[in-house]
1. Working only within segment 48-76, note down all residues that are outside any loop (DSSP other than H, G, I, E, B) and touching a residue at least 24 places away in the same chain (Cβ under 8 Å).
2. What residue, among those in segment 64-86 that are of a type in the set (Gly, Ala, Ser) and more than 16 Å from ligand 1 (Cβ to nearest atom), is modelled with the highest pLDDT?
3. Inside segment 35-79, can you point out the residues that are under 24 Å from GLU96 (Cβ atoms), surrounded by fewer than 18 Cβ atoms within 10 Å (Cβ to Cβ) and in contact with a Leu (Cβ under 9 Å, 6 or more places away or on another chain)?
4. Filter segment 126-147 down to residues that are loosely packed, with under 14 Cβ neighbours inside 10 Å and within 13 Å of PHE111 (Cα to Cα), then give me how many there are.
5. Against the condition among the charged types (D, E, K, R), more than 16 Å from ligand 1 (Cβ to nearest atom) and in contact (Cβ under 8 Å) with a residue 60 or more places away in the chain, how does GLU96 come out, does it pass?
6. Restricting attention to segment 89-111, report how many residues are within 16 Å of GLU128 (Cβ to Cβ), surrounded by fewer than 19 Cβ atoms within 10 Å (Cβ to Cβ) and modelled with pLDDT of 90 or more.
7. If you check ARG123 against the conditions, is it touching a helix residue (DSSP H, G or I) at 6+ places or on another chain (Cβ under 9 Å) and more than 9 Å from ligand 4 (Cβ to nearest atom)?
Amino acid sequence: MDQKKKMCSSENKLEMLNCGGCKKRILQKEVKANLVVLLFNRFWHKDHIKCVYCKLPISDGRILRSKVDSSKPACYACHIQTTHPACVVCYLPVIERGLVAFDRLFHIDCFRCAICNKTIPQRTGFYERDLMLYDPSCYMLYIKDDGIDEFGIFPAVRSALLDRPSGVTSGVNNDASID
Ligand SMILES: [Zn+2]
Ligand SMILES: [Zn+2]
Ligand SMILES: [Zn+2]
Ligand SMILES: [Zn+2]
């Protein structure tokens, strides 16, 4: 009984020596067998590094700090989903460059004419009516009537580049967002 108590009291101090996933004590033989890694200032059984969002083991080596709990890892896919704004057309995150038009964010490739479905080149500008976008030539041919629609020349071209994962982090790689 006494021995058990002793172990309990020393356990708090040595929490770092417990796996961040399963909370069990890391064993010497596991370290020797190369089954343990240091991540976010504590040790983890490699197999117990699971994404805090999707709960799946992260096996591709791309481990990022989660936004919800900085001591918990997130997989690359969930990291992108949770840190990048979504395109209003395809709902996928805009990772590199996007366009903002009428306060809505688009992938450059998703910014397409509603009639011909071609991407609208930035230099030509675009027309918008009822949340539909038109390039100037389709607009003039098929839509124009009363001339009340707005013409825009891309109010902002914004880089939605936030960060790029750089392999396994050692716990120093915060979610740096660069504007
Ligand atoms: Zn574990
Ligand atoms: Zn995930
Ligand atoms: Zn899109
Ligand atoms: Zn068109």
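The values are calculated or read from the model by the stated rules, or taken from the named source; none is laboratory data. These figures come from a predicted structure and were not determined experimentally. Don't worry about glycine lacking a Cβ; one is built from the backbone with ideal geometry, like all the others, and counts go over all protein chains shown.
1. Initial filter on segment 48-76 (outside any loop (DSSP other than H, G, I, E, B)): 48, 50, 57, 63-65, 73-76.
Matches in segment 48-76: HIS48, LYS50, ILE63, LEU64, ARG65, PRO73, CYS75, TYR76.
2. Pass one, segment 64-86, residues of a type in the set (Gly, Ala, Ser): 66, 70-71, 74, 77, 86.
Next cut, more than 16 Å from ligand 1 (Cβ to nearest atom) only: 66, 70, 74, 77, 86.
Numbers: SER66: 90, SER70: 87, ALA74: 94, ALA77: 90, ALA86: 90.
Filtering segment 64-86 for residues that are of a type in the set (Gly, Ala, Ser) and more than 16 Å from ligand 1 (Cβ to nearest atom), the one modelled with the highest pLDDT comes out as ALA74.
3. Going through segment 35-79, the residues under 24 Å from GLU96 (Cβ atoms) turn out to be 51, 53-54, 58, 60-67, 73-79.
With the extra rule that they be surrounded by fewer than 18 Cβ atoms within 10 Å (Cβ to Cβ), the set shrinks to 54, 60-62, 67, 76-77.
Scanning segment 35-79 gives a single hit, TYR76.
4. Let us first name the residues in segment 126-147 that are loosely packed, with under 14 Cβ neighbours inside 10 Å, namely 130-132, 137, 140-142, 145-147.
So of that shortlist, the ones also within 13 Å of PHE111 (Cα to Cα) come out as 131-132.
So the answer is 2.
5. It is true that GLU96 is among the charged types (D, E, K, R), more than 16 Å from ligand 1 (Cβ to nearest atom) and in contact (Cβ under 8 Å) with a residue 60 or more places away in the chain.
6. At the first step, the residues of segment 89-111 found to be within 16 Å of GLU128 (Cβ to Cβ) are 89, 99-106, 110-111.
Okay, now just the ones that are also surrounded by fewer than 19 Cβ atoms within 10 Å (Cβ to Cβ), so 89, 100, 102-104, 110.
After this cut, where a residue has to be modelled with pLDDT of 90 or more as well, the list is 89, 110.
Residues flagged as within 16 Å of GLU128 (Cβ to Cβ), surrounded by fewer than 19 Cβ atoms within 10 Å (Cβ to Cβ) and modelled with pLDDT of 90 or more within segment 89-111 amount to 2.
7. Details: touching a helix residue (DSSP H, G or I) at 6+ places or on another chain (Cβ under 9 Å): no; more than 9 Å from ligand 4 (Cβ to nearest atom): yes.
Considered against the rule, which asks whether it is touching a helix residue (DSSP H, G or I) at 6+ places or on another chain (Cβ under 9 Å) and more than 9 Å from ligand 4 (Cβ to nearest atom), ARG123 comes out as no.
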